[in-house]
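Since the structure comes first, as structure tokens, the remarks are kept for the end.
The values are calculated or read from the model by the stated rules, or taken from the named source; none is laboratory data. These numbers were taken from a predicted model, which means no experiment stands behind them. We place every Cβ from the backbone using ideal geometry, glycine too, and count neighbours over all the protein chains shown.
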Amino acid sequence: MKDKKVVVTGGLGFIGSHITEGLIEDNEVTIIDDMSTGKLENIKHLNKEKIEIIKGDMTELDLKSIFKDKDYVFHEAAMASVPQSVQDPEKCNRINITGTLKVLVAARDTDVEKVVMASSSAVYGDSQNMPLREDAPVKPMSPYAVTKATGELYCSNFTDLYGLQTAALRYFNVFGQRQDPNSQYAAAIPNFIDRILKGERPVIYGDGEQSRDFIYIKNVVDANIKVCESTKTGIFNIGHGKKTTINELVSIINEVMETEVEPVYEDARVGDIKHSLADVSKAKSFEFEPEDNFREELKETVRWFAGGS
Ligand SMILES: NC(=O)c1ccc[n+]([C@@H]2O[C@H](COP(=O)([O-])OP(=O)(O)OC[C@H]3O[C@@H](n4cnc5c(N)ncnc54)[C@H](O)[C@@H]3O)[C@@H](O)[C@H]2O)c1
């Protein structure tokens, strides 16, 4: 992508800051972020002259005036936590559904060509049909998943009704630099690395034989840019198409960190799904083909958590 004007909602968050990084060299980026979980620190290494930052809640901002001369919108802003959505479903609805609808309406009414929305593998719930294909039934098990499924429906509805190009990317378990290990909702990889670096033992809930499809942040950025540049619209899984059990994950992290820390096992958490694995063949239609590099990607992630760049 080159010489485009793009908006990244949630651009100060984990994934949004990486999308901004992936675009900033050759494009102009406007970030919209209310800093609820996002931080300026996440973009401190980037050339600020090329980034416009609009601080505020996207449900309250005048999005039409922000979008008026923009080409593309990468919509990452959301309440991104399942447990938080269970505690406060109305707030989750406002941010994730009303927020997405406002983004789509403003894009429809301006020159925006395409909106790429961050969806989630959470929409599949505890579906047993592995690997998960995009046409598998949606079974939301949390308000968060309901809002992501609704956002996807609005996207395809805006494409059908108004001709606005949209794509919804169902991210699986994303990992990489700048993911927050301190949040009470932190994902397994940053949490395990952080604990091992502090000399603590990683905590596994259940027997560790549950599996996930881990996808490196740089591949997620690649998927966003490629789908945006393509003519493709619709829903796409963004995973690696490989399953890793949590026990395997701990042993690979130990190998990469050259440690031998034994995990602690605690009771399985209510509502945790057993397995999650993406069928990523549909995303190949826009040439999304992540390399098989899990150890190297984990090494880069560890290096960053250990204080490197
Ligand atoms: N991290 C993952 O593994 C994962 C998996 C599936 C889907 N997702 C989705 O990807 C997107 C990005 O997730 P993330 O992991 O980077 O989370 P994050 O919390 O780091 O980023 C979300 C960003 O949105 C901002 N934000 C929240 N509400 C806002 C509002 N009302 N107005 C403006 N900004 C607001 C936050 O401040 C933050 O910068 C989310 O939509 C999330 O649901 C993430």
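Computed quantities for the displayed model
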item	result
Qualifying positions in segment 1-53 - closer than 24 Å to S81 by Cβ, more than 8 Å from the ligand (Cβ to nearest atom) and among the β-branched types (V, I, T)	V7, V8, I19, T20, I31, I43, I53
Subset of segment 112-129 (residues that are aliphatic (A, V, I, L, M) and surrounded by fewer than 17 Cβ atoms within 10 Å (Cβ to Cβ))	none
Single condition K48 does not satisfy, out of (1) at pLDDT 95 or above; (2) over 18 Å from the mean Cα position of the chain (by Cα); (3) not hydrophobic (A, V, I, L, M, F, W, C)	(1)
Test: residue in segment 64-82 that is part of a helix (DSSP H, G or I), closer than 20 Å to R170 by Cβ and more than 7 Å from the ligand (Cβ to nearest atom)	yes
Residue in segment 1-14 that is surrounded by fewer than 20 Cβ atoms within 10 Å (Cβ to Cβ), under 21 Å from L169 (Cα atoms), aliphatic (A, V, I, L, M) and at pLDDT 95 or above present	yes
Failed criterion for M141 (all others in (1) more than 30 Å from D69 (Cα to Cα); (2) assigned to a helix (DSSP H, G or I); (3) within 16 Å of the ligand (Cβ to nearest atom) hold)	(2)
Candidate set: segment 18-63, residues that are among the polar types (S, T, N, Q) and outside any helix (DSSP H, G or I); chosen: the one surrounded by the fewest Cβ atoms within 10 Å (Cβ to Cβ)	N47
Residue in segment 191-200 that is more than 22 Å from H45 (Cβ to Cβ) and among the acidic types (D, E) present	yes
Residue in segment 189-200 that is touching a helix residue (DSSP H, G or I) at 6+ places or on another chain (Cβ under 6 Å) and closer than 16 Å to V116 by Cβ present	no
So P143, is it touching a Pro at 6+ places or on another chain (Cβ under 9 Å) and surrounded by 20 or more Cβ atoms within 10 Å (Cβ to Cβ)	yes
Y265, sole failed condition from (1) within 30 Å of C228 (Cα to Cα); (2) touching a Phe, Trp or Tyr at 6+ places or on another chain (Cβ under 9 Å); (3) of a type outside the set (K, R)	(1)
Residue pairs meeting the criteria (Cβ under 8 Å; at least 6 apart or on separate chains; first closer than 14 Å to D213 by Cα, in segment 122-142; second among the acidic types (D, E) and crowded, with 16+ Cβ neighbours inside 10 Å)	P131/D279; L132/D279; R133/D279
